[in-house]
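Q: I have a structure here, written as structure tokens, and I will follow up with some questions on it.
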Amino acid sequence: MTTQIARMLASRACSEGRLFYIENCIRFLSPKAYSQREFWQAGAELVGEGGVEADGEVVALALECLERAGLVGAKVDLGSIPVFRKTVEQFNITNYEGLRRAISAKSMGDLREVTTDKRAIEVFAYMMEERGGPDVLTRLSEMGVRGLNEDVRYFEELFDVIKAYGYSRNVRIDLSTLREMKYYNGVVFEIFLEGVGIPIGGGGRYDAMMKEFGMDVSAAGFAVSVDLLVRVVEGLSVRRSSPLQVYYIEGYREKAIGLARRLRDKGKPCTVSRYRGEKEGILVGETIIEMNGGNSLEEKL
Amino acid sequence: MRGVILAVPNKGRLRGPAMEVLERANIRPLDNDRVYLSNTTLEGVQLLSIRAADIPIYIYYGIADLGITGRDVVAESGLEVYELADMGFGECSLVVAVKSDSKYRDPSELPHGTRVATEFPNLTKQFFNELGIQVEVITLRGAVEIAPLLGLADCVVDLSSTGRTLERNGLRAIGTILRSTAKLICNKVAYKTRYEQIKMLEDLLVRSA
């Protein structure tokens with residue numbers, strides 16, 4: 001969806017905004033892939049802000065959305081397109097796509113086919129292997145990759161921002177995270193859930209694509225697979241609360257409806273009907289009574 | 001947390017060497033070898049015995065965490081998995097072969113409309129697409145070598161380790177699509193969410209390879 005949103009924003013000269021979507025997407029499938037041509041994506045884009053705060057907000061928002069959907073403990077792995085580019089350039093590797101594939105597959109065999117430079121192999125092997133906090137970048141810099149000062153500082157700050165959102169335990173750096181989409185030009189990330197074999201989503205910064213569409217503006221966002229989430233949530237057998245039955249005694253309908261509206265405002269679904277001798281639910285008369293407990297709810301509500 | 005599920009081929013050329021690696025690593029199935037999913041002598045590790053070509057699928061969807069299978073079937077599946085290590089056995093090549101008396105010396109010489117019999121339709125299509133040759137791919141499930149002799153196909157794309165089977169069936173290799181060995185592959189999410197368990201098993205298997 002991101003590509004379409006970027007195109008839309010650019011054609012309307014919209015240079016800032018916060019957008020979200022839950023949409024069905026259609027894609028061309030190569031015969032290899034085992035997936036659906038039509039799928040649902042939910043995501044958000046933050047346009048017009050380029051700082052580390054914006055990147056942190058996007059990551060935190062993705063995690064918060066999943067939490068609200070009942071999926072606690074999702075993990076995010078961060079990667080960096082600039083760091084990857086700088087490393088590739090330093091070792092003069094021309095087969096960029098081959099290298100990207102080797103690294104994303106953590107395949108030493110494929111890496112050796114792309115380059116024979118011992119130092120390059122050592123550095124890229126480290127990028128495939130190591131996962132952790134901002135010190136992953138520091139180590140890479142110590143291994144001789146030049147020009148990473150800016151990136152080390154960026155990731156230190158990003159971890160600070162993510163910590164402020166309360167998600168530092170969910171997030172790690174894995175420099176082999178490179179996302180398939182070619183439009184990313186800054187931080188990229190993938191989202192995982194224990195027990196789900198496929199990343200459930202991801203995102204990153206794509207200022208460069210906005211520029212392609214003719215707008216020099218910052219943009220970052222994330223998307224998650226709705227189809228996968230539905231599968232997971234169904235598997236969790238999260239019990240959906242059935243609506244609360246509110247009954248009224250003749251003459252108290254208005255009071256019952258008033259109560260129902262207050263309950264619905266609090267997010268509690270309920271129905272209202274005339275009392276016909278039911279044994280469970282809430283009975284509204286002179287007082288409000290929870291029928292199976294026999295308690296008065298006057299104060300609680 | 002459930003244990004790690006390690007997938008190995010239940011038959012075929014990789015079965016023997018894969019089981020030898022497990023033997024050396026002291027991982028033995030507790031059930032007889034007809035059981036698809038078996039507990040093992042190593043606590044927390046279960047063994048899943050399935051067809052080599054299905055292993056990338058079980059790994060991709062995260063049903064199995066680690067698997068030993070050929071690079072050929074991983075590439076054919078087109079699925080993204082981590083290839084953690086080379087297991088050092090199962091060496092072979094996916095080759096294009098024609099009848100011994102054929103005039104063609106290189107795959108690029110094959111004419112449009114050539115009929116190619118193979119067990120690897122995806123890699124075959126991709127290979128000839130890149131050459132710009134339109135071919136008719138005939139997918140078979142085995143005994144591919146016999147197809148040219150009987151006139152079903154003009155050439156085959158098939159695995160060959162020594163070239164002897166090709167020779168016996170009156171075929172000659174004219175090009176290589178891919179070299180393959182047995183790989184230790186891993187589900188991408190499992191590698192991240194259960195790193196310690198996976199790493200331990202990876203090290204053990206690589207040491208025993």
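The values are calculated or read from the model by the stated rules, or taken from the named source; none is laboratory data. This is a predicted model, so every value here is computed, not measured. Quick reminder, even Gly has a Cβ in these numbers, built from the backbone with ideal geometry, and neighbours come from all protein chains shown. Keep in mind that these areas ignore ligands, DNA and RNA; they rest on the heavy atoms of the full protein, side chains included. Shrake-Rupley method; radii C 1.70, N 1.55, O 1.52, S 1.80 Å.
Q: Go through segment B:65-86 and count every residue that is assigned to a loop (DSSP other than H, G, I, E, B) and in contact (Cβ under 8 Å) with a residue 24 or more places away in the chain. Write out each step before concluding.
A: As a first pass, look at segment B:65-86 and keep what is assigned to a loop (DSSP other than H, G, I, E, B): B:65, B:78-81.
Filter once more, so that each one left must be in contact (Cβ under 8 Å) with a residue 24 or more places away in the chain: B:65, B:78, B:80-81.
The total comes to 4.
Q: Taking A:F91, is it open to solvent by less than 20 Å² (accessible area, probe 1.4 Å), among the aromatic types (F, W, Y) and modelled with pLDDT of 90 or more? Give the derivation first.
A: Numbers: open to solvent by less than 20 Å² (accessible area, probe 1.4 Å): no; among the aromatic types (F, W, Y): yes; modelled with pLDDT of 90 or more: yes.
Answer is no for this residue.
Q: Looking only at helices (runs of 4 or more DSSP H) that fall completely inside segment A:79-185, which ones have 1 or more residues that are out of contact with any Cys (no Cβ under 8 Å at 6 or more places or on another chain) and under 30 Å from B:L178 (Cβ atoms)? Give the steps one after another, and end with the answer.
A: Details: elements: A:81-90, A:96-104, A:108-114, A:118-129, A:135-142, A:149-164.
Filter on segment A:79-185 gives A:81-90, A:96-104, A:108-114, A:118-129.
Q: Inside segment B:63-80, can you point out the residues that are over 20 Å from B:L178 (Cα atoms) and open to solvent by 10 Å² or more (accessible area, probe 1.4 Å)?
A: Hit for segment B:63-80 is B:I63, nothing else.
Q: Then there is this: Please state which of the following conditions B:Y191 fails to meet, knowing it meets all the rest: (1) within 14 Å of chain A (Cβ to nearest Cβ); (2) under 16 Å from the mean Cα position of the chain (by Cα).
A: Exception for B:Y191: condition (2).
Q: Ok, one more. Please determine whether any residue of segment B:118-125 is surrounded by 17 or more Cβ atoms within 10 Å (Cβ to Cβ), within 14 Å of chain A (Cβ to nearest Cβ), among the aliphatic types (A, V, I, L, M) and in contact (Cβ under 8 Å) with a residue 24 or more places away in the chain.
A: Yes: one or more hits.
Q: Please go through segment B:167-189 and pick out each residue that is out of contact with any strand residue (DSSP E or B) (no Cβ under 8 Å at 6 or more places or on another chain) and buried (at least 19 other Cβ atoms within 10 Å of the Cβ).
A: The initial filter retains those residues of segment B:167-189 that are out of contact with any strand residue (DSSP E or B) (no Cβ under 8 Å at 6 or more places or on another chain), namely B:167-169.
Once the filter is applied, which keeps residues that are out of contact with any strand residue (DSSP E or B) (no Cβ under 8 Å at 6 or more places or on another chain) and buried (at least 19 other Cβ atoms within 10 Å of the Cβ), segment B:167-189 yields only B:N169.
Q: Could you list all residues from segment B:90-117 that are more than 14 Å from chain A (Cβ to nearest Cβ) and either closer than 28 Å to B:A18 by Cα or in contact with a helix residue (DSSP H, G or I) (Cβ under 6 Å, 6 or more places away or on another chain) (or both)?
A: Residues of segment B:90-117 that are more than 14 Å from chain A (Cβ to nearest Cβ), as a first pass: B:92-117.
Across segment B:90-117, the qualifying residues are B:C92, B:S93, B:L94, B:V95, B:V96, B:A97, B:K99, B:S108, B:V116, B:A117.
Q: Could you please let me know if B:L30 is of a type outside the set (V, I, T) and either over 11 Å from B:I68 (Cα atoms) or open to solvent by 70 Å² or more (accessible area, probe 1.4 Å) (or both)? Give the derivation first.
A: Working: of a type outside the set (V, I, T): yes; either over 11 Å from B:I68 (Cα atoms) or open to solvent by 70 Å² or more (accessible area, probe 1.4 Å) (or both): yes.
For B:L30, the condition - of a type outside the set (V, I, T) and either over 11 Å from B:I68 (Cα atoms) or open to solvent by 70 Å² or more (accessible area, probe 1.4 Å) (or both) - is met.
Q: All but one of (1) within 19 Å of B:V144 (Cα to Cα); (2) more than 14 Å from every other protein chain (Cβ to nearest Cβ); (3) in contact with a Gly (Cβ under 7 Å, 6 or more places away or on another chain); (4) buried (at least 20 other Cβ atoms within 10 Å of the Cβ) hold for B:V45; state the number of the condition that does not hold.
A: The single condition B:V45 does not satisfy is (1).
Q: Working carefully through the options A:V83, A:V76, A:V58, A:V52, find the one that is modelled with pLDDT of 90 or more and more than 17 Å from the chain's Cα centre (by Cα). Write out each step before concluding.
A: Values: A:V76 fails: more than 17 Å from the chain's Cα centre (by Cα); A:V58 fails: more than 17 Å from the chain's Cα centre (by Cα); A:V52 fails: more than 17 Å from the chain's Cα centre (by Cα).
Only one candidate qualifies: A:V83.
Q: Here's something else I'd like to know. Exactly one of (1) within 14 Å of another protein chain (Cβ to nearest Cβ); (2) in contact with a strand residue (DSSP E or B) (Cβ under 9 Å, 6 or more places away or on another chain); (3) open to solvent by 50 Å² or more (accessible area, probe 1.4 Å) is unmet by B:E196. Its number?
A: (2)
Q: Of the conditions (1) open to solvent by 50 Å² or more (accessible area, probe 1.4 Å); (2) without any contact (Cβ under 8 Å) to a residue 40 or more places away in the chain; (3) within 27 Å of B:L166 (Cβ to Cβ); (4) not in a loop (DSSP other than H, G, I, E, B), B:N39 satisfies every one except a single condition; which number is it?
A: Going through (1) open to solvent by 50 Å² or more (accessible area, probe 1.4 Å); (2) without any contact (Cβ under 8 Å) to a residue 40 or more places away in the chain; (3) within 27 Å of B:L166 (Cβ to Cβ); (4) not in a loop (DSSP other than H, G, I, E, B) one by one, B:N39 breaks only (3).
Q: Given the criteria within 19 Å of the chain's Cα centre (by Cα), without any contact (Cβ under 8 Å) to a residue 40 or more places away in the chain, in the same structural domain as A:R131 (by TED's automatic domain parsing) and surrounded by 18 or more Cβ atoms within 10 Å (Cβ to Cβ), does A:L228 qualify?
A: Numbers: within 19 Å of the chain's Cα centre (by Cα): yes; without any contact (Cβ under 8 Å) to a residue 40 or more places away in the chain: yes; in the same structural domain as A:R131 (by TED's automatic domain parsing): yes; surrounded by 18 or more Cβ atoms within 10 Å (Cβ to Cβ): yes.
Spelling it out, A:L228 is indeed within 19 Å of the chain's Cα centre (by Cα), without any contact (Cβ under 8 Å) to a residue 40 or more places away in the chain, in the same structural domain as A:R131 (by TED's automatic domain parsing) and surrounded by 18 or more Cβ atoms within 10 Å (Cβ to Cβ).
Q: What is the residue count in segment A:105-135 for residues that are more than 25 Å from B:M200 (Cβ to Cβ), within 14 Å of another protein chain (Cβ to nearest Cβ) and of a type in the set (S, T, Y)?
A: 0
Q: If you don't mind, another one. Go through segment B:1-29 and report how many residues are at positive phi and under 18 Å from the mean Cα position of the chain (by Cα).
A: Total meeting the criteria: 1.
Q: The conditions are (1) out of contact with any strand residue (DSSP E or B) (no Cβ under 7 Å at 6 or more places or on another chain); (2) closer than 26 Å to B:I198 by Cα; (3) not aliphatic (A, V, I, L, M), and A:E142 fails exactly one of them. Which is it?
A: It fails just one condition, (2).
Q: Keeping to segment A:186-211, report how many residues are part of a loop (DSSP other than H, G, I, E, B) and not charged (D, E, K, R). Write out each step before concluding.
A: Of segment A:186-211, the ones part of a loop (DSSP other than H, G, I, E, B) are A:186, A:193-200, A:206.
Then keep just the ones that are not charged (D, E, K, R); that gives A:186, A:193, A:195-200, A:206.
Summing the residues that are part of a loop (DSSP other than H, G, I, E, B) and not charged (D, E, K, R) in segment A:186-211 gives 9.
Q: Which is open to solvent by 10 Å² or more (accessible area, probe 1.4 Å), of a type in the set (A, V, I, L, M, F, W, C) and under 25 Å from A:K106 (Cα atoms), of A:I198, A:I173, A:I191? Spell out the reasoning first.
A: Details: A:I173 fails: open to solvent by 10 Å² or more (accessible area, probe 1.4 Å); A:I191 fails: open to solvent by 10 Å² or more (accessible area, probe 1.4 Å).
The match here is A:I198.
Q: Hey, any hits in segment A:156-164 for a residue that's aliphatic (A, V, I, L, M), surrounded by fewer than 17 Cβ atoms within 10 Å (Cβ to Cβ) and in contact (Cβ under 8 Å) with a residue 60 or more places away in the chain? Break it down stepwise before answering.
A: Of the residues in segment A:156-164, the ones aliphatic (A, V, I, L, M) are A:158, A:161-162, A:164.
Restricting the remaining residues to those that are surrounded by fewer than 17 Cβ atoms within 10 Å (Cβ to Cβ) gives A:164.
Restricting the remaining residues to those that are in contact (Cβ under 8 Å) with a residue 60 or more places away in the chain gives A:164.
Yes, that holds for at least one residue.
Q: For segment B:73-89, give me each residue that is touching a Lys or Arg at 6+ places or on another chain (Cβ under 9 Å) and either acidic (D, E) or facing chain A (nearest Cβ under 10 Å) (or both).
A: B:V74, B:E76, B:S77, B:G78, B:L79, B:E80, B:V81, B:Y82, B:E83, B:L84, B:A85, B:D86
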